[in-house]
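Structure record follows, encoded as C-alpha cells.
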Amino acid sequence: QSALTQPASVSGSPGQSITISCTGTSSDVGNYNLVSWYQQHPGKAPKLIIYEVNNRPSGISNSFSGSKSGNTASLTISGLQPEDEADYYCCSFAGSSTYVFGTGTKVTVL
Amino acid sequence: QVQLQESGPGLVKPSETLSLTCAVSGGSISTYYWAWMRQPPGKGLEWIGYFYYRETPRYNPSLRSRVTISADTSNNRFSLKLASVTAADTAVYYCANAGPYPQYWLTYFDHWGQGILVTVSS
C-alpha cells in the first residue's frame, strides 16, 4: 500500500485557478469513487474539503472542486485567495477496508 | 458539533507501548465510526486505523501487528495503543470522526482533534 502521488508544490497568483493531482492505481483511486481531500494550515489539524471525489461538506467554499479520471483524482481551487495557502492531501479507499493518503502538496499564493 | 481531544504521554521510550486516548463530545461514540491518523514532523499523513465500537477494528497493514484501537463507551472515548515503538513512530497523532454508522465504506474523515505530538526517545 503505497502513498498516492501528489506534486510537492503548486503556486498561483490571487484570483487564478490551480489544480492539484493525486495519482494512485487501479486498486485505489481508479477503482472507487471514494477520494477525499484535506486542507492543512501550519500547526493545525487537517480539514475535510471534498469527499466522494466531488462533494463539498457544508460550509466549504464552492471555490473548491474535485474530479477524477482513471487512476488520477484532482482538486481545483478557483479564484485563489491568500487564505488558501496551505498543504493539501488526498485520500482514497484502497480496498480491504484500508485507506491511503497522498504525499501532500504545498500551495503557495504568490 | 462533534469535538475530539487527544491526550496521553508526549514522550515514550523505544520498545515501549504508545498509549493515547481520544475524548469525544457533542456526539455518542456508539453512533459513528472513529479513526486514528498520524503525521511525522514535516511529513505527510498516514492512516492508522478505524473502528465502530461493535465491530472488529480495521488497521493499516503496515502497522497491523503493533496496533490496537478500542472503545470506552461508558466514558465516550476511544484509545490507540502502538507497541514496540521506535523513533520512526515519532509523529503528531490525530483522532477523527469517520461518519455515521452504518456505511459500506467510509467516505471521509471529519472533525479532527487538534493532534498530540508523541516523541519516541530514550
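The values are calculated or read from the model by the stated rules, or taken from the named source; none is laboratory data. Quick caveat, the model's predicted, so the values are computed rather than measured. Note that we place each Cβ from the backbone using ideal geometry, even for glycine, and neighbour counts take in every protein chain shown.
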Any chance region B:93-116 includes a residue that's away from chain A (no Cβ under 14 Å), assigned to a strand (DSSP E or B) and surrounded by 13 or more Cβ atoms within 10 Å (Cβ to Cβ)? no
Can you go through A:TYR38, A:TYR32, A:TYR51 and tell me which one is surrounded by fewer than 19 Cβ atoms within 10 Å (Cβ to Cβ) and aromatic (Phe, Trp, Tyr)? A:TYR32
Return the pairs, sorted by first residue and then second, in which the second residue is at pLDDT below 95, the first residue lies in region A:81-105 and is in a loop (DSSP other than H, G, I, E, B), the beta carbons are less than 6 Å apart, and the residues are 6+ apart or on different chains. A:ALA94/A:GLN1
So, A:PRO42, is that one within 12 Å of another protein chain (Cβ to nearest Cβ) and at pLDDT 95 or above or not? yes
Scanning region B:21-77 for residues that are assigned to a strand (DSSP E or B) and more than 24 Å from A:TYR89 (Cβ to Cβ), which turns out farthest from the chain's Cα centre (by Cα)? B:SER25
Return the only residue of A:SER65, A:SER26, A:SER36, A:SER58 being out of contact with any strand residue (DSSP E or B) (no Cβ under 7 Å at 6 or more places or on another chain) and either facing chain B (nearest Cβ under 10 Å) or under 22 Å from B:HIS111 (Cα atoms) (or both). A:SER58
Based on what the data block shows, is A:LEU75 more than 10 Å from chain B (Cβ to nearest Cβ), under 27 Å from A:SER26 (Cβ atoms) and aliphatic (A, V, I, L, M)? yes
Tally up the residues in region A:43-55 that are in contact with a strand residue (DSSP E or B) (Cβ under 8 Å, 6 or more places away or on another chain) and closer than 28 Å to B:PRO41 by Cβ, please. 7
